[in-house]
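Visitor: This is the structure, below, for whatever I ask next.
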Amino acid sequence: MAPVRILSVLLTLGLLAACAPRALTPEARLLSAEVRGLEISQGPALLLGLRVEFHNPNPFPLPLSTFGTRLKVGEVAVPLDLTLPPGRREEVLLVRLTPREALATARALLSQEGVEVALEGATLGQHLTFFRTRLSFPLEPPRVRRAGVNFFLENPNPFPLRVEGNLVLLGQSFRVEMDLPARGEGRLQVVGFRPGLERGSGRLELTLEVPGFFRQSLVLPL
């Protein structure tokens, strides 16, 4: 091919590239977040769900990978492999927090401290922050209920709890333990309890455990 023709082809391609529309940066905002439960089938994993609204201002589908978009939850970074259609769209982004990879993040998430959550990316060498906030889902204490000689605990949390400790009544201490289902109720197994003590005032001295992640001690009056 003659040099003049090659130059003409290159100039034409350059003009076409210059005329091609540049993709506008999408927008995103966090609508809500929740702890969806604890997976135990393949080892403990705390499942976090974030509902995000995206806005693609372009008239064509836009892959978020174009912007190197990633969701950061504490020490965990999850690349987003989504293609946004034109306009607005809601997505639920799921993040699995495991003791091996994200123990500190999971513990902070279940405390008053919370963890930082951000959706980030980059374009043309510039850092993008679509949103940045802090999430906290502190462990809620179980609620105790007495029915005659039976003592029940209700777990308001979206994950199961392992409960152990002591029931103290009229100066006597009895060992208690149970596995409490997520958002469920269970009857305490009291070792050595005798009828006649159920009318006395007392307390529960308990240790709560989110299996694999978290332990907390508390006292519940009866």
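Visitor: Looking only at segment 16-43, filter to residues that are basic (Lys, Arg) and farther than 17 Å from residue 96 by Cα; which one of those is surrounded by the most Cβ atoms within 10 Å (Cβ to Cβ)? Steps first, answer last, please.
Guide: First pass over segment 16-43, keeping only residues basic (Lys, Arg): 22, 29, 36.
Subsequent filtering for residues that are farther than 17 Å from residue 96 by Cα retains 22, 29.
Details: 22: 8, 29: 12.
For segment 16-43, the residue satisfying everything is 29.
Visitor: Which residues, taken from segment 28-57, are among the aliphatic types (A, V, I, L, M) and touching a Ser or Thr at 6+ places or on another chain (Cβ under 7 Å)?
Guide: 30, 45
Visitor: Can you name the condition, by its number, that residue 183 falls short on among (1) in contact (Cβ under 8 Å) with a residue 24 or more places away in the chain; (2) open to solvent by less than 50 Å² (accessible area, probe 1.4 Å)?
Guide: (2)
Visitor: Additional query: May I ask you to say which residue of 82, 46, 93 is surrounded by fewer than 17 Cβ atoms within 10 Å (Cβ to Cβ), of a type in the set (A, V, I, L, M) and at negative phi?
Guide: 82
Visitor: Out of 168, 163, 144, which single residue is surrounded by 19 or more Cβ atoms within 10 Å (Cβ to Cβ) and assigned to a strand (DSSP E or B)? Break it down stepwise before answering.
Guide: Details: 168 fails: surrounded by 19 or more Cβ atoms within 10 Å (Cβ to Cβ); 144 fails: surrounded by 19 or more Cβ atoms within 10 Å (Cβ to Cβ).
Every option except 163 fails the conditions.
Visitor: State whether the residues of segment 127-140 include one that is among the aromatic types (Phe, Trp, Tyr), touching a helix residue (DSSP H, G or I) at 6+ places or on another chain (Cβ under 7 Å) and touching a residue at least 60 places away in the same chain (Cβ under 8 Å).
Guide: Step one: of segment 127-140, the residues among the aromatic types (Phe, Trp, Tyr) are 130-131, 137.
Add one more test, that the residue is touching a helix residue (DSSP H, G or I) at 6+ places or on another chain (Cβ under 7 Å), and what stays is 137.
Narrowing further to those that are touching a residue at least 60 places away in the same chain (Cβ under 8 Å): 137.
The answer is yes; a qualifying residue exists.
Visitor: Considering every residue within segment 118-138, establish whether at least one is open to solvent by 40 Å² or more (accessible area, probe 1.4 Å), modelled with pLDDT of 90 or more and of a type in the set (Asp, Glu).
Guide: Looking for residues that are open to solvent by 40 Å² or more (accessible area, probe 1.4 Å), modelled with pLDDT of 90 or more and of a type in the set (Asp, Glu), one finds none in segment 118-138, hence no.
Visitor: Okay, moving on. Please indicate, with yes or no, whether at least one residue in segment 70-78 is within 30 Å of residue 210 (Cβ to Cβ), out of contact with any strand residue (DSSP E or B) (no Cβ under 6 Å at 6 or more places or on another chain) and open to solvent by less than 30 Å² (accessible area, probe 1.4 Å). I'd like the intermediate steps shown before the answer.
Guide: To start, the set of residues in segment 70-78 that are within 30 Å of residue 210 (Cβ to Cβ) comprises 70-78.
Now restrict to residues that are out of contact with any strand residue (DSSP E or B) (no Cβ under 6 Å at 6 or more places or on another chain): 75-76.
Okay, now just the ones that are also open to solvent by less than 30 Å² (accessible area, probe 1.4 Å), so 76.
Looking through segment 70-78, at least one residue is within 30 Å of residue 210 (Cβ to Cβ), out of contact with any strand residue (DSSP E or B) (no Cβ under 6 Å at 6 or more places or on another chain) and open to solvent by less than 30 Å² (accessible area, probe 1.4 Å).
Visitor: If you don't mind, another one. Which ones in segment 124-138 are under 8 Å from residue 114 (Cα atoms), assigned to a strand (DSSP E or B) and hydrophobic (A, V, I, L, M, F, W, C)?
Guide: Matches in segment 124-138: 135 only.
Visitor: Let me ask something else about it. Kindly indicate the residue of segment 171-184 that is of a type outside the set (Val, Ile, Thr) and in a strand (DSSP E or B) and also modelled with the lowest pLDDT among those meeting that condition.
Guide: Going residue by residue through segment 171-184, those that are of a type outside the set (Val, Ile, Thr) are 171-175, 177-184.
Narrowing further to those that are in a strand (DSSP E or B): 172-175, 177-180.
Numbers: 172: 82, 173: 86, 174: 86, 175: 88, 177: 90, 178: 91, 179: 93, 180: 93.
My answer is 172.
Visitor: Then there's this: Restricting to segment 192-206, and then to whatever is at pLDDT 70 or above and open to solvent by 50 Å² or more (accessible area, probe 1.4 Å), can you tell me which residue is farthest from residue 165 (Cα to Cα)?
Guide: So the first thing to find is which residues in segment 192-206 are at pLDDT 70 or above, and the list is 201-206.
In the following step, the residues that additionally are open to solvent by 50 Å² or more (accessible area, probe 1.4 Å) were identified as 201, 203, 205.
Details: 201: 17, 203: 11, 205: 6 Å.
Selected residue: 201.
The values are calculated or read from the model by the stated rules, or taken from the named source; none is laboratory data. Since the structure is predicted, the reported quantities are computational estimates derived from the model, not experimental observations. Using ideal geometry, Cβ is built from the backbone for each residue, glycine included, and neighbour counts are taken over all protein chains shown. Only protein heavy atoms, including side chains, enter the accessible area calculation; ligands, DNA and RNA are left aside. Shrake-Rupley method; radii C 1.70, N 1.55, O 1.52, S 1.80 Å.
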